[in-house]
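Data first, discussion second: the structure below is written as structure tokens.
The values are calculated or read from the model by the stated rules, or taken from the named source; none is laboratory data. For clarity, every value in this text was computed on a predicted model and none was experimentally measured. Positions of Cβ are generated from backbone atoms using ideal geometry, with glycine treated the same way; all protein chains shown enter the neighbour counts.
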Amino acid sequence: PAEQAAEQPPVLVQIEDGIAWVTLNRPAKRNAINPGIVYNMVRIMEELEANDDCKIMVLTGAGDAFSAGMDLREYFRATDDDPKERTRLFRANGQWQWRWLRYYSKPTIAMVNGWCFGGAFTPLVCCDLAIAAEEATFGLSEINWGIIPAGVVSRALASLVREREAMYYVMTGETFNGRRAAEIGLVNEAVPRERLRERTRELAKVLMEKNPTVLRQAKIAHRMAAEMSWDQAADYLMAKVDQGTFHDPERGRDTAMKQFLDDKAFKPGLGAYQR
Ligand code: ACO
């Protein structure tokens, strides 16, 4: 069994009906993020971006954990005295966990199936959408073992969660469940664990009905605009709309306008145009 465990890839990828299920796969270690997960995620994200079979990426964990955060043994202790590897590893981790994930060219959904601690909050926050099991357990446990929510965890948290709640969990390290995570805006919604995959699939299907070029632009534009002044955002967003009509191979705007105004075949208020 030890040999079998050693052969298991640290991340599994399964593509099914347009959805790439990316599963952190160290269940015996509660999917703690070690160098194997880091370097595999960098490679996998690059491959999926180029793979037309992948329309949506779902990030989840094997077994009863989403992820127990950074691996204290392999990510921290093993690199404490190895500054070169530490720099390389921490940079690669930042690459997949937020630099790439925030602006990934395909929609991303975090599916939080269980334990979610510390460093796992970064990819959770940086996925576009998130669904949690009501029974999942979240915690900013850093304070419990003598560090602050670093990497970029505190920054990520501040982008989603209200200040009172963020500070409360940063300072107490208290755990909370999926329902609470939805209440404080950390995830979109929480569903009973047995409905988790089905609900995630439903959401992915809604996204796959949309024009993928425009979907990509919409999510990136939203993130960018949030950090601009109103005037900058107005100019940038209008330029971005024009970029959309220029780049969209479907010419979706024209098709949709015709379907609505001329054919009266759909109502944009109620759903996507026929692609
Ligand atoms: N780093 C390294 N190893 C870990 C981690 C981790 N973050 N989390 C779990 N493991 C290992 C355990 O050491 C144990 O290994 P072993 O079987 O070789 O002894 C194995 O995974 C199973 O862990 P248990 O603690 O036995 O599992 P249990 O289900 O009882 O508890 C829980 C799960 C609550 C997630 C617990 O493992 C835990 O508290 N993990 C640490 C969570 C944490 O604080 N993460 C760091 C956040 S800070 C940051 O990421 C920067």
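Let's see how each residue does on (1) surrounded by 16 or more Cβ atoms within 10 Å (Cβ to Cβ); (2) farther than 29 Å from residue 98 by Cα; (3) within 28 Å of the chain's Cα centre (by Cα):
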| residue | (1), (2), (3) |
| --- | --- |
| 227 | no, no, yes |
| 230 | no, no, yes |
| 244 | yes, no, yes |
| 247 | no, no, yes |
| 265 | no, yes, no |
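So which residues in the stretch 159-181 are within 14 Å of the ligand (Cβ to nearest atom) and among the β-branched types (Val, Ile, Thr), if there are any at all?
Start the filter on the stretch 159-181 by keeping residues that are within 14 Å of the ligand (Cβ to nearest atom), which leaves 169-170, 172-177.
Answer for the stretch 159-181, where residues must be within 14 Å of the ligand (Cβ to nearest atom) and among the β-branched types (Val, Ile, Thr): 170, 172, 175.
Among the listed residues 182, 190, 204, which satisfies the condition of being hydrophobic (A, V, I, L, M, F, W, C) and either loosely packed, with under 14 Cβ neighbours inside 10 Å or in contact with a helix residue (DSSP H, G or I) (Cβ under 7 Å, 6 or more places away or on another chain) (or both)? Outline the logic, then answer.
Working: 182 fails: either loosely packed, with under 14 Cβ neighbours inside 10 Å or in contact with a helix residue (DSSP H, G or I) (Cβ under 7 Å, 6 or more places away or on another chain) (or both); 204 fails: either loosely packed, with under 14 Cβ neighbours inside 10 Å or in contact with a helix residue (DSSP H, G or I) (Cβ under 7 Å, 6 or more places away or on another chain) (or both).
None of the other options fit; the residue is 190.
Select from the stretch 110-158 the residues that are buried (at least 23 other Cβ atoms within 10 Å of the Cβ), aliphatic (A, V, I, L, M) and within 11 Å of the ligand (Cβ to nearest atom) and list them in ascending order.
120, 140, 153
Counting just the residues of the stretch 36-57 that are assigned to a helix (DSSP H, G or I) and in contact (Cβ under 8 Å) with a residue 40 or more places away in the chain, which one comes out surrounded by the fewest Cβ atoms within 10 Å (Cβ to Cβ)?
Residues of the stretch 36-57 assigned to a helix (DSSP H, G or I): 36-50.
This time we only want the ones that are in contact (Cβ under 8 Å) with a residue 40 or more places away in the chain, so: 38-39, 41-42, 45, 48-49.
Details: 38: 25, 39: 17, 41: 24, 42: 17, 45: 20, 48: 21, 49: 13.
This residue is 49.
What pairs can you find where one residue is in the stretch 113-127 and of a type in the set (Phe, Trp, Tyr), the other is within 9 Å of the ligand (Cβ to nearest atom) and modelled with pLDDT under 95, and their Cβ atoms are less than 7 Å apart, with a gap of 6+ or different chains?
Once the first residue is of a type in the set (Phe, Trp, Tyr) and sits in the stretch 113-127, no partner that is within 9 Å of the ligand (Cβ to nearest atom) and modelled with pLDDT under 95 comes close enough.
What residue, of 77, 86, 73, is more than 11 Å from the ligand (Cβ to nearest atom) and surrounded by fewer than 16 Cβ atoms within 10 Å (Cβ to Cβ)? Before you say what the answer is, go through the steps one by one.
Numbers: 77 fails: more than 11 Å from the ligand (Cβ to nearest atom); 73 fails: more than 11 Å from the ligand (Cβ to nearest atom).
Sole residue among the options that is more than 11 Å from the ligand (Cβ to nearest atom) and surrounded by fewer than 16 Cβ atoms within 10 Å (Cβ to Cβ): 86.
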